[in-house]
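Asker: Let me give you the structure first, and then I'll get to my questions.
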């Protein structure tokens, strides 16, 4: 079951929401709705009293309310009472407010927008673009962002196949758009070069998507500055070339440092600096780019962690102790 958390706006007031794909319905933070309708200085206290009164009256809507974790004012995830659209319509009837009717219309609009997006995904994409443009992002940045989202969704199922099969033909057949002219090429060497580039590109997309398009060390999120680094080099282990567990998303500086053994990653996913690198402790580049990352834990991916036996192999065979 996938979940989507978002902030919806009603008359400049924030409403925390949660979309449940399995049930295909929105859940809304009741406290936020109470705040909008009552303009109370303490909406939580208002809801507690109202909930107690409704319980005493035997109101089934209150009894059936869910509790979900939502972002609180302190930035932490905390449990909050939520209600779906139908439940909210019933609760609103118990809250005397001149905003009740426009809020009901707003609720209906939010629900219909989601249904429209499910039937026509382009509507959702257009809304995303409008939101990013309002925030000041360039069209180029937005296009790259949307492309990365599309690739991440497309590759989710493929990751499982790679781990199970690790066969080039499966990857190539799925990404025929990268090799449209491969059948017109002549010569085994040329075909092999194209296939290699295809597989390297696919591996890059998988690893970058797995790390949410961010460097695992520096948090850089500019795709053009990210590299899918192999823990065990591409040239050494053909079997694990396309395995996402053999990849870490890094910026070019840290990619090269990992490649030549100036840095490594231990079994706790912490960055280790080599003695060769530590000989430069007084130099500006060491102080700026390497000293701050010593013993820093990688920003771990959401799906495939770097395989510890690969990290150990790198520490034993490439890392300059």
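Any read-out appearing in this document is the output of simple, stated calculations on the displayed coordinates, not a laboratory observation. Worth saying up front: this structure is predicted, and the values here are computed from it rather than measured. Cβ coordinates were reconstructed from backbone atoms using ideal geometry, including for glycine residues, and neighbour counts include every protein chain displayed.
Asker: When only alpha-carbon atoms count, how far does region 208-270 stretch along each of its three principal axes, as whole angstroms with the largest first?
Answerer: 29, 23, 21
Asker: Another question, if that's okay. Arrange 260, 318, 217 by Cβ neighbour counts within 10 Å, fewest through most, would you?
Answerer: By the 10 Å Cβ count, ascending, the order reads 260, 318, 217.
Asker: Another question, if that's okay. May I ask for log10 I(q)/I(0) of region 244-321 at q = 0.11, 0.21, 0.26, 0.27 Å⁻¹, from a Debye sum over the Cα atoms as equal point scatterers with solvent left out?
Answerer: For region 244-321, the Cα-only Debye profile gives -0.26, -0.95, -1.40, -1.48.
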